[in-house]
Amino acid sequence: MRIAFCCTDTPPEPWLQGLRAALPTVTVEIWQPGAAAADYAVVWAPPQRFLDEQPGLKAMFNIGAGVDALLRLRVPPQTAVVRLDDAGMSVQMAEYVCHAVIRHFREFDAYEADVAQGKWSYRKPRLRQNFPVGVMGLGVLGQRVAQALQGFEFPVCGWSRSPRTLHGVQCHAGPAQFDDFLAATRILVCLLPLTTETRDIMRYDTLSRLRPGSYVINVARGAHLVDEDLIALVDSGHLVGATLDVFRTEPLPAAHPFWKHPRITVTPHTSARTLREESIAQIAGKIKALQNGAPISSLAGVVDPKKGY
Ligand code: NAP
Ligand code: GLV
């Protein structure tokens, strides 16, 4: 059995060593144009040529949770796409989002500014029941985030494609319940996959339907957000700010207004990083299961090409 490794922006050697150690009977090689046909592939943003030259792959394992970049390519129809299913990302995402929510709610940026000027000042405590958090996307990451926020006793509501029931979370589903979800939200967290349905979902008309004084946290994909609409709504005061981890162009171009906007916090796509050891263990476990006859549909993280995630 042969595995092709084709990951851009990823130092290959530790991955090759880890995959070879986890699957000692398997040949694992960096893909080169003209390479022999492989059975499986481990990929991140591969070139189209890779897919064109490897039409017989049984499955392609994406070393991230989001498959939007991969699905923009022509994927051979019989090749299953499998994304990372948590693999250590959900706890990181929960840390990041709770940090951003709490920083905003407790006004820690204002305290830091005061302290920088040598000021010992107090602000009136705010009531968390006035800061309901709305999580768009109640999948692997969204659910963990919703659960972590509940630990801090924030009211949490959620929105997904199909109806979900999560303890303590006011769940909404589908376009028919989107308005109710937005109206119930004061801190909006985006954890949707990027699909044709969710592209530009945070734009002027949708963000305007959040309560006045709302805050936006985007940790999914840059193309979920229309940048100039966010800036217009923050500058007008309808939104009070945003924490953004993902951008339409990454790295965020030097001249982009997000960098210097006083009410927008930027981080370099770091909210939930791929953890190599966990990811290799997960991928190797799935390859072993397939080799032992498990049907592909039994694996967690198999992408439905029709839904786009
Ligand atoms: P997931 O398990 O597939 O969950 C996706 C959720 O979004 C599901 O609840 C799904 O609804 C919902 N959804 C999809 N399309 C929708 C629509 N049209 N309307 C309403 N809800 C919709 O994905 P995940 O593992 O949680 O990851 C989510 C995304 O996070 C990834 O796709 C990736 O873009 C992003 N991400 C970012 C980072 C980072 O470092 N910034 C790291 C990892 C992942 P159903 O429940 O009905 O299916
Ligand atoms: C990171 O953004 C991922 O999709 O895993």
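The values are calculated or read from the model by the stated rules, or taken from the named source; none is laboratory data. Being a predicted model, the structure only gives us computed values, none of them experimental. Here Cβ is always computed from backbone atoms with ideal geometry, including for glycine, and neighbour counts include all displayed protein chains. Please note that ligands, DNA and RNA were not included when accessible areas were found on the heavy atoms of the full protein model with its side chains. Shrake-Rupley method; radii C 1.70, N 1.55, O 1.52, S 1.80 Å.
Among the residues that make up the range 20-29, is at least one of them open to solvent by less than 20 Å² (accessible area, probe 1.4 Å) and either assigned to a loop (DSSP other than H, G, I, E, B) or without any contact (Cβ under 8 Å) to a residue 12 or more places away in the chain (or both)? Give the derivation first.
Of all residues in the range 20-29, those open to solvent by less than 20 Å² (accessible area, probe 1.4 Å) come to 23, 26, 28.
Those left that are additionally either assigned to a loop (DSSP other than H, G, I, E, B) or without any contact (Cβ under 8 Å) to a residue 12 or more places away in the chain (or both): 23, 26.
The answer is yes; a qualifying residue exists.
Take the residues of the range 71-92 that are near ligand 2 (Cβ under 10 Å from one of its atoms) and among the hydrophobic types (A, V, I, L, M, F, W, C): which is nearest to Ile287 (Cα to Cα)?
Of everything passing the filter in the range 71-92, Leu84 is nearest to Ile287 (Cα to Cα).
Among the residues of the range 200-252, which ones are of a type in the set (Asp, Glu) and either within 14 Å of ligand 1 (Cβ to nearest atom) or in contact with a helix residue (DSSP H, G or I) (Cβ under 8 Å, 6 or more places away or on another chain) (or both)?
Listed by number, the residues that qualify are Asp200, Asp227, Asp229, Asp245, Glu250.
From the residues in the range 43-62 that are within 14 Å of ligand 2 (Cβ to nearest atom) and open to solvent by less than 10 Å² (accessible area, probe 1.4 Å), which one is farthest from Ser298 (Cα to Cα)?
Here is the first cut: in the range 43-62, the residues within 14 Å of ligand 2 (Cβ to nearest atom) are 43-45, 61-62.
From what is left, the residues that are open to solvent by less than 10 Å² (accessible area, probe 1.4 Å) are 43, 61-62.
Values: Val43: 21, Phe61: 15, Asn62: 17 Å.
Filtering the range 43-62 for residues that are within 14 Å of ligand 2 (Cβ to nearest atom) and open to solvent by less than 10 Å² (accessible area, probe 1.4 Å), the one farthest from Ser298 (Cα to Cα) comes out as Val43.
Looking at Arg186, Arg161, which is the one that is basic (Lys, Arg) and within 10 Å of ligand 1 (Cβ to nearest atom)?
Values: Arg186 fails: within 10 Å of ligand 1 (Cβ to nearest atom).
Exactly one of Arg186, Arg161 is basic (Lys, Arg) and within 10 Å of ligand 1 (Cβ to nearest atom), namely Arg161.
Every residue, every condition in (1) more than 16 Å from ligand 2 (Cβ to nearest atom); (2) within 14 Å of the chain's Cα centre (by Cα); (3) hydrophobic (A, V, I, L, M, F, W, C), yes or no:
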{"site": "Leu210", "(1), (2), (3)": "yes, no, yes"}
{"site": "Val216", "(1), (2), (3)": "yes, no, yes"}
{"site": "Leu244", "(1), (2), (3)": "no, yes, yes"}
{"site": "Pro257", "(1), (2), (3)": "yes, no, no"}
{"site": "Thr265", "(1), (2), (3)": "yes, no, no"}
{"site": "Ile280", "(1), (2), (3)": "no, no, yes"}
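Restricting the first residue to the range 199-221 and requiring it to be outside the structural domain of Pro175 (by TED's automatic domain parsing) and modelled with pLDDT of 95 or more, which pairs with a second residue that is assigned to a loop (DSSP other than H, G, I, E, B) and within 16 Å of ligand 2 (Cβ to nearest atom) meet a Cβ separation below 6 Å and a spacing of at least six or different chains?
none
With respect to Ile296, determine if the residue is of a type in the set (A, V, I, L, M, F, W, C) and free of Cβ contacts under 8 Å to residues at least 60 places away in the same chain. Quick ask: steps written out before the conclusion?
Values: of a type in the set (A, V, I, L, M, F, W, C): yes; free of Cβ contacts under 8 Å to residues at least 60 places away in the same chain: no.
Against the criterion (of a type in the set (A, V, I, L, M, F, W, C) and free of Cβ contacts under 8 Å to residues at least 60 places away in the same chain), Ile296 does not qualify.
For the range 61-83, which positions are within 16 Å of ligand 1 (Cβ to nearest atom), within 17 Å of Lys307 (Cβ to Cβ) and either outside any loop (DSSP other than H, G, I, E, B) or touching a residue at least 40 places away in the same chain (Cβ under 8 Å) (or both)?
Asn62, Ala65, Gly66, Val67, Asp68, Ala69, Leu70, Leu71, Ala80, Val81, Val82, Arg83
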